[in-house]
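Peer 1: This is the structure I want to talk about, given as structure tokens.
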Amino acid sequence: MTQPPLRCHLLIGPPGSGKTTLARDLVPLLQGESDEPALVLSTDAIRTELFGDAALQGPWDEIRSLLLRRLDEAVAKGRPVIIDATHARRPWRLLYTQVLALPAPVEWIGWWLTTPLPTCLEWASRRERPVPEAVIREFHAAINHRQFGPCRAEGLAALVTLNPAAGEAEPAALQTRLQKLDGQIRNAVNKQRSKCENLHRYSRLVDLERLLFLLRLLTSINGLDNSDPATASALAEICNPAPEGDLAERAAAYLASWSEVHGGNSDVYADVEALRADLAWLEANGFTRLDWQSDGPIDPGPFIASAAGGLHGGYPALADPAVFRRVFTLLRHILKHPFDAPSGSGSASGIPLYQHLIDRLSDIKGSYSADQEAVLRNDLRHLLRPYGFSPEIKGRPDSLRQGYAIGTALLSADQLLEVHSLLKASMERLSDASQKPLLLTLEDRLRRAGLLDGNAARRHHGRRALAHRSFTEERSGTLAARDQSERIERAIKERRRVWLRHLPDVVSEEQKKQGMDGRFSAWPLQLLFHNISWYLAFETDAIGSPEGLIRTLRVDRLVLHGHDGNVIRNQESQHERAMARLERLLHVCGGLWFGSDIAAQLAVMPAEEAAADASGKALVKPPAASRPIPGREVPGRDWYDTLRFSCTPQVFQLIREEPNRFPPEHTSYSKPIPGHSSWSQGPLDSLAPNPATDSHPYPVELLLPRWTLESDWDLRSWLFRWGAGVRIEQPRALRELQLQQACGVVELYGTGFPD
């Protein structure tokens with residue numbers, strides 16, 4: 001007759017639930033091979049033995065080492081063991097049921113004490129060594145967690161639930177429970193037999209959860225790379241100092257300390273070799289590969305027998321290969337395409353999210369069939385969301401993930417390469433040295449993903465490129481230098497006031513006598529690339545006024561002299577108002593010259609965005625429009641003038657192809673000339689054309705700020721480049737300037753060409 005396996009017992013319950021009493025009553029009911037009673041291993045008793053007082057926590061490694069040694073000795077002798085501890089968290093239970101390799105086969109029986117929380121609090125208060133109420137509540141909640149509470153899937157041969165407060169732990173009741181264990185275990189094994197006949201690599205719960213937690217960790221922090229300060233800070237909160245070694249070794253260290261997953265330190269999931277194999281499995285199944293063949297069928301792999309763990313233990317739902325394939329097919333898709341949803345939202349799209357996901361995965365073998373919407377919904381709710389994976393992003397801040405997770409996530413492989421091309425061009429052709437650290441980080445990750453290795457990099461040529469080069473000179477000591485650029489970017493981010501000096505500005509002798517060197521204080525707002533160079537947009541510091549003049553100057557002509565007294569804008573609204581003004585000025589001016597009048601800049605702001613003082617009243621009330629464009633409101637109309645010119649047909653065609661060079665609401669083009677024009681009238685075509693016999697039959701009107709018309713070289717360069725193709729009619733000053741330039745050219749060549 002075959003000797004039945006040894007049964008050992010885990011007590012599960014918060015402090016004050018009656019575990020010690022239950023252990024005492026179970027001892028005489030359990031006998032070993034030599035008829036000796038069961039051995040009770042209590043963490044409190046071991047603390048007393050090691051440190052002289054159960055209240056002294058002491059090094060956990062010493063406590064666990066002694067407990068496991070005695071467990072090993074008892075099992076070797078065939079003596080049943082009762083482990084008296086809370087076992088409140090799953091990893092603490094998995095240590096015994098699926099991780100330990102014991103000298104003889106063991107069936108683990110879990111005894112779940114369901115003592116009500118008020119009773120636990122009352123009983124614990126009577127103890128000589130009271131346990132803090134917060135600890136009791138925390139452990140009670142952990143044990144009763146809907147997804148991570150005790151279950152057979154943890155490798156328990158049987159899970160017995162009883163409430164000592166209801167008399168269910170009396171010796172007679174315990175004897176009855178023990179007598180029923182054989183049948184209970186037999187029925188559970190038979191019920192699960194079909195699943196157990198087709199076990200795969202991740203059928204055991206400890207292996208499955210280690211894979212899920214590894215995937216979750218990598219999803220949160222790609223590559224566990226702590227090269228940037230924000231990621232380093234996030235990793236330091238998990239494990240400090242940062243671990244060393246390869247990815248598997250670092251992942252093991254972080255998983256051992258990841259309180260969000262474990263609720264406390266635990267090395268149950270920190271098997272380095274197993275994690276190394278898990279990383280290889282993730283790559284083989286397309287979780288970390290970016291090639292186009294990475295969405296093939298999921299292969300769970302064969303079951304790997306282990307000497308660790310108990311006999312006849314239960315298995316999770318994903319132990320079934322079919323369930324595992326469909327769930328991990330869905331999970332892989334969610335990680336790579338977290339924002340994948342039907343176009344539109346809700347019922348507006350016509351396709352429910354769940355059916356949309358089924359359709360997207362329909363070509364992958366082992367995925368969901370068309371009629372399994374309820375199955376997919378259930379898998380998300382009970383198998384993926386408890387581990388922190390969820391595709392429903394909109395309206396769920398807790399679902400938003402930072403970074404691009406594993407592989408691509410937020411961007412496809414092709415999109416990542418396109419971003420790389422543009423970022424590289426920004427650094428090389430636009431002379432933006434501040435992008436170098438970001439570019440190097442991106443290139444490193446793309447290489448690790450296999451996108452920039454060998455032929456993969458050579459085959460990709462960006463669909464968009466930058467043909468022009470920046471004329472910005474990387475002059476040492478100016479904002480064009482990398483170190484200074486990084487400093488001004490930090491000042492922008494921190495909304496910090498700084499001292500600047502414009503190099504071409506000449507300092508007068510009188511200023512020098514007064515100790516002035518031409519520097520001025522300003523609030524930096526944004527770095528802008530315009531035409532051929534980089535500029536810094538800033539707000540001058542206006543003494544006694546919350547609003548200053550918005551200006552732009554080339555970065556290679558600006559020197560940063562440091563922070564101005566470490567002054568920071570505490571009110572975010574001030575910075576936002578300045579940014580709103582900058583955006584408005586960029587919009588209405590069509591260039592980077594914003595004039596030198598604060599009142600004028602404030603006046604052109606829309607009324608609802610006008611700058612306000614602390615009392616909420618507008619600082620400058622925009623003047624009423626004296627000649628508004630029909631049907632259009634123009635804030636600060638008195639600060640604008642009209643530029644009117646007429647064009648030849650060829651030039652007019654080119655100008656109409658630039659409808660966004662100036663604000664569309666401030667732009668008016670000629671209507672078509674019947675019989676002479678080849679285009680259909682558009683929304684901007686509102687002016688009566690000149691006679692068809694006119695050499696310049698097509699008029700254009702632009703409503704521009706007065707300072708733009710008076711002083712903006714950007715406007716003049718654009719306007720005069722058309723040469724005789726435009727005839728300026730208003731304002732007169734610009735017309736005369738065009739004439740002077742034309743006369744100067746004629747005079748230059750009037751005597752003929754030199755030999």
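The values are calculated or read from the model by the stated rules, or taken from the named source; none is laboratory data. These figures come from a predicted structure and were not determined experimentally. Please note: Cβ atoms are built from the backbone with ideal geometry, for glycine as well, and neighbour counts cover all protein chains shown. All accessible areas refer to the heavy atoms of the entire protein, side chains included, with ligands and DNA or RNA removed. Shrake-Rupley method; radii C 1.70, N 1.55, O 1.52, S 1.80 Å.
Peer 1: Looking at 521, 596 in this structure, which one is of a type in the set (Ser, Thr, Tyr), in a strand (DSSP E or B) and surrounded by fewer than 20 Cβ atoms within 10 Å (Cβ to Cβ)? Please lay out each step first, then the result.
Peer 2: On the way: 596 fails: in a strand (DSSP E or B).
Among 521, 596, only 521 is of a type in the set (Ser, Thr, Tyr), in a strand (DSSP E or B) and surrounded by fewer than 20 Cβ atoms within 10 Å (Cβ to Cβ).
Peer 1: Still on this structure: So, residue 572, is that one at pLDDT below 80, over 14 Å from residue 525 (Cα atoms) and within 35 Å of the chain's Cα centre (by Cα) or not? Step through it out loud before you land on a result.
Peer 2: Details: at pLDDT below 80: yes; over 14 Å from residue 525 (Cα atoms): no; within 35 Å of the chain's Cα centre (by Cα): yes.
Answer is no for this residue.
Peer 1: Please list, ordered by residue number, the strands (runs of 3 or more DSSP E) wholly in segment 526-582 having 1 or more residues that are farther than 20 Å from residue 480 by Cα and open to solvent by 50 Å² or more (accessible area, probe 1.4 Å). Write out each step before concluding.
Peer 2: Working: elements: 533-540, 550-554, 558-568.
In segment 526-582, 558-568 are the strands (runs of 3 or more DSSP E) which contain 1 or more residues that are farther than 20 Å from residue 480 by Cα and open to solvent by 50 Å² or more (accessible area, probe 1.4 Å).
Peer 1: So is residue 747 charged (D, E, K, R), open to solvent by 80 Å² or more (accessible area, probe 1.4 Å) and more than 22 Å from residue 655 (Cα to Cα) or not? Break it down stepwise before answering.
Peer 2: On the way: charged (D, E, K, R): yes; open to solvent by 80 Å² or more (accessible area, probe 1.4 Å): yes; more than 22 Å from residue 655 (Cα to Cα): yes.
So residue 747 passes the test.
Peer 1: So residue 41 fits all but one of (1) more than 25 Å from residue 149 (Cβ to Cβ); (2) more than 45 Å from the chain's Cα centre (by Cα); what number is the exception?
Peer 2: The number of the failed condition is (1).
Peer 1: Select the helices (runs of 4 or more DSSP H) contained entirely in segment 167-225, then report the ones holding at least 1 residues which are at pLDDT 90 or above and out of contact with any Cys (no Cβ under 6 Å at 6 or more places or on another chain). Let's see the steps before the verdict.
Peer 2: Details: elements: 171-191, 193-196, 205-220.
Of the helices (runs of 4 or more DSSP H) lying wholly inside segment 167-225, those with at least 1 residues that are at pLDDT 90 or above and out of contact with any Cys (no Cβ under 6 Å at 6 or more places or on another chain) span 171-191, 205-220.
Peer 1: Of all helices (runs of 4 or more DSSP H) completely enclosed by segment 1-91, which ones contain at least 1 residues that are open to solvent by less than 30 Å² (accessible area, probe 1.4 Å) and under 22 Å from residue 157 (Cβ atoms)? I'd like the intermediate steps shown before the answer.
Peer 2: Values: elements: 19-26, 43-51, 60-76.
Counting at least 1 such residues, we get 19-26, 60-76.
Peer 1: So how many residues does segment 673-716 have that are modelled with pLDDT of 90 or more, among the polar types (S, T, N, Q) and under 26 Å from residue 587 (Cβ atoms)?
Peer 2: 3
Peer 1: Scan 112, 108, 123 and give me the residue that is open to solvent by 60 Å² or more (accessible area, probe 1.4 Å), more than 36 Å from the chain's Cα centre (by Cα) and in contact (Cβ under 8 Å) with a residue 60 or more places away in the chain.
Peer 2: On the way: 112 fails: open to solvent by 60 Å² or more (accessible area, probe 1.4 Å); 108 fails: open to solvent by 60 Å² or more (accessible area, probe 1.4 Å).
Selected residue: 123, the only one of 112, 108, 123 that is open to solvent by 60 Å² or more (accessible area, probe 1.4 Å), more than 36 Å from the chain's Cα centre (by Cα) and in contact (Cβ under 8 Å) with a residue 60 or more places away in the chain.
Peer 1: Please determine, by comparing only the residues of segment 237-265 that are at pLDDT below 85 and not in a loop (DSSP other than H, G, I, E, B), which one is farthest from residue 438 (Cα to Cα).
Peer 2: Checking each candidate, the answer is 262.
Peer 1: Then there's this: For residue 737, all conditions in the list (1) more than 22 Å from residue 650 (Cβ to Cβ); (2) open to solvent by less than 30 Å² (accessible area, probe 1.4 Å); (3) part of a helix (DSSP H, G or I) hold save one; what is the number of the exception?
Peer 2: It fails just one condition, (2).
Peer 1: List every residue pair whose Cβ atoms lie under 6 Å apart, where the two residues are 6 or more positions apart in sequence or sit on different chains, the first residue falls within segment 364-384 and is closer than 11 Å to residue 354 by Cα, and the second residue, located anywhere, is among the hydroxyl-bearing types (Ser, Thr, Tyr) and open to solvent by less than 30 Å² (accessible area, probe 1.4 Å).
Peer 2: These pairs meet every condition: 373/354; 376/354; 376/368; 377/354.
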